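Input: a single structure, listed below in structure tokens.
The values are calculated or read from the model by the stated rules, or taken from the named source; none is laboratory data. Not measured: the values here are computed from a predicted model. For neighbour counting, all protein chains shown are included, and Cβ atoms are generated from backbone atoms with ideal geometry for every residue, glycine included. What goes into the accessible areas is simple: the full protein's heavy atoms, side chains included, and nothing from ligands, DNA or RNA. Shrake-Rupley method; radii C 1.70, N 1.55, O 1.52, S 1.80 Å.
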Amino acid sequence: IAQGGGADKIVFYDESLIKRKEISMRVQQLFPEALRNEEFQVYYQPKVNIMTGELVGAEALCRWFHDGKIVPPCDFIPMLEETNDICQLDFYMLDHVCRDIHKWIKSGHKSIRVSVNLSRKHMMNVNLLQSLLKTIDRHNIPHSCIEIELTETTSDVEFSDLKRVVKGLQSVGIFTSVDDFGIGYSSLNLIRELPWNVLKVDRSFLPTENGNNNENQSIMFKYVVAMAREMGIECIVEGVETLYQLKVLRSNHCDLAQGFYFDKPLPIKDFEQRLTKRFYDISNF
Ligand code: C2E
Ligand code: MG
Ligand code: MG
Ligand code: MG
């Protein structure tokens, strides 16, 4: 219950809970029509090889255009997870991503890999792999163009379900990554037991320039990157915002970065321009 314990605060807490419930119901109510009207759009955030400056891939991130506003994922994804509607949205995203990749390949771009976030809510679905393949194969693109990002397992996802999904994806050549690595549960067990292709290190491992840094953080960062390298797992750091952080990546021999330093998640037109240019200017570091 609310800190300080005053009756007023308890009331406030209740109200915000009710408010949250209301927002949840509103989102859930609006969802079917929003999906039909294609109000959801794929934004693409580039992934960059910091040694060469080359754009090597992208992460697909969902944006909801509603009533003339852009709604960020944190304001609708948790609500859609309550009802499992998120599963439909994830497939909608994957479908659009595959369509875009197909177009890019046809127009002569080097084939790139795009990662799509998959909610934990899919893990119980024993037909998941089949459904993913059906969606991807409909667009006639190589499986290796798709990477599935999964966050670390929590108590409500059985390890055996996750194992089935990751091994299944591996068996058909779809890439898998551990998203937000380092801030969830049972990370090391997860890494040891499953055949991941990519480790996406959470940005909380990166130092900030104000000097307020935890010393353990930089030690852990160094060894997480080294661990991935020695295990032959690709390692990318998310949330890279500054030149300083980029230099930290480089001094730890981490080649791949994603973050505002290079680009925010971009609408498709802007991303396509980036794709055509292909290289970022890295002459300043
Ligand atoms: P995520 O998968 O960890 O995605 C990375 C988030 O970090 C994105 O937030 C991105 O905009 C943000 N980010 C990237 N670079 C930087 C940076 O340099 N600094 C900072 N401060 N942030 C950066 P976004 O787009 O708001 O998405 C939030 C979360 O929502 C995602 O976290 C993912 O868990 C979820 N999400 C987004 N799209 C989908 C989707 O289609 N399906 C599912 N299931 N989840 C999604
Ligand atoms: Mg992600
Ligand atoms: Mg992440
Ligand atoms: Mg996240």
Worksheet entry | Residue count for region 225-244, restricted to those that are within 14 Å of ligand 1 (Cβ to nearest atom) and touching a Phe, Trp or Tyr at 6+ places or on another chain (Cβ under 7 Å) | 4
Worksheet item: From the list 133, 169, which residue is surrounded by fewer than 21 Cβ atoms within 10 Å (Cβ to Cβ) and either at pLDDT 95 or above or part of a helix (DSSP H, G or I) (or both)?
Response: 133
Fill in: Single residue of 191, 236, 183, 219 found to be modelled with pLDDT under 95 and within 15 Å of ligand 3 (Cβ to nearest atom)
183
Worksheet item: For residue 115, which of the numbered conditions (1) touching a Ser or Thr at 6+ places or on another chain (Cβ under 7 Å); (2) over 23 Å from residue 159 (Cβ atoms); (3) assigned to a strand (DSSP E or B) fails to hold?
Response: (2)
Discussion item. With the requirement that a residue be on the phi > 0 side of the Ramachandran plot and away from ligand 2 (no atom under 16 Å from the Cβ), what does region 222-254 give you?
Written reply: 232, 253
Worksheet, complete the sentence: When region 184-208 is checked residue by residue, the ones that are in contact with a helix residue (DSSP H, G or I) (Cβ under 6 Å, 6 or more places away or on another chain) and surrounded by fewer than 16 Cβ atoms within 10 Å (Cβ to Cβ) are 195
Discussion item. Among the residues in region 189-197, are any farther than 23 Å from residue 52 by Cβ, in contact with a Ser or Thr (Cβ under 9 Å, 6 or more places away or on another chain) and among the charged types (D, E, K, R)?
Written reply: no
Item to complete: Check whether at least one residue in region 63-83 is crowded, with 22+ Cβ neighbours inside 10 Å and in contact (Cβ under 8 Å) with a residue 60 or more places away in the chain, and report yes or no.
Response: no
Worksheet item: Which residues, taken from region 192-224, are in contact with a Phe, Trp or Tyr (Cβ under 8 Å, 6 or more places away or on another chain), hydrophobic (A, V, I, L, M, F, W, C) and either within 19 Å of residue 147 (Cβ to Cβ) or not in a loop (DSSP other than H, G, I, E, B) (or both)?
Response: 198, 199, 201, 205, 220, 221, 224
Fill in: Candidates 109, 102, 139, 143 - the one that is over 17 Å from the mean Cα position of the chain (by Cα) and touching a residue at least 60 places away in the same chain (Cβ under 8 Å)
109
Worksheet, complete the sentence: Across (1) within 16 Å of ligand 3 (Cβ to nearest atom); (2) open to solvent by 40 Å² or more (accessible area, probe 1.4 Å), residue 160 clears everything bar (1)
Worksheet item: Hey, any hits in region 266-277 for a residue that's closer than 19 Å to residue 148 by Cα, open to solvent by less than 60 Å² (accessible area, probe 1.4 Å), of a type in the set (Phe, Trp, Tyr) and within 15 Å of ligand 1 (Cβ to nearest atom)?
Response: no
Response to the item:
Within region 33-58, of all residues that are assigned to a strand (DSSP E or B) and hydroxyl-bearing (Ser, Thr, Tyr), the one nearest to residue 115 (Cα to Cα) is 44
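Do you know which residues across region 177-191 are assigned to a helix (DSSP H, G or I) and either under 14 Å from residue 149 (Cβ atoms) or basic (Lys, Arg) (or both)?
Correct list: 190 only.
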Worksheet item: Can you tell me which residues in region 102-112 are open to solvent by less than 80 Å² (accessible area, probe 1.4 Å), part of a helix (DSSP H, G or I) and over 20 Å from residue 62 (Cα atoms)?
Response: 105
Worksheet item: Of the residues that sit in region 172-183 and are under 18 Å from the mean Cα position of the chain (by Cα) and among the β-branched types (Val, Ile, Thr), which one is surrounded by the most Cβ atoms within 10 Å (Cβ to Cβ)?
Response: 178
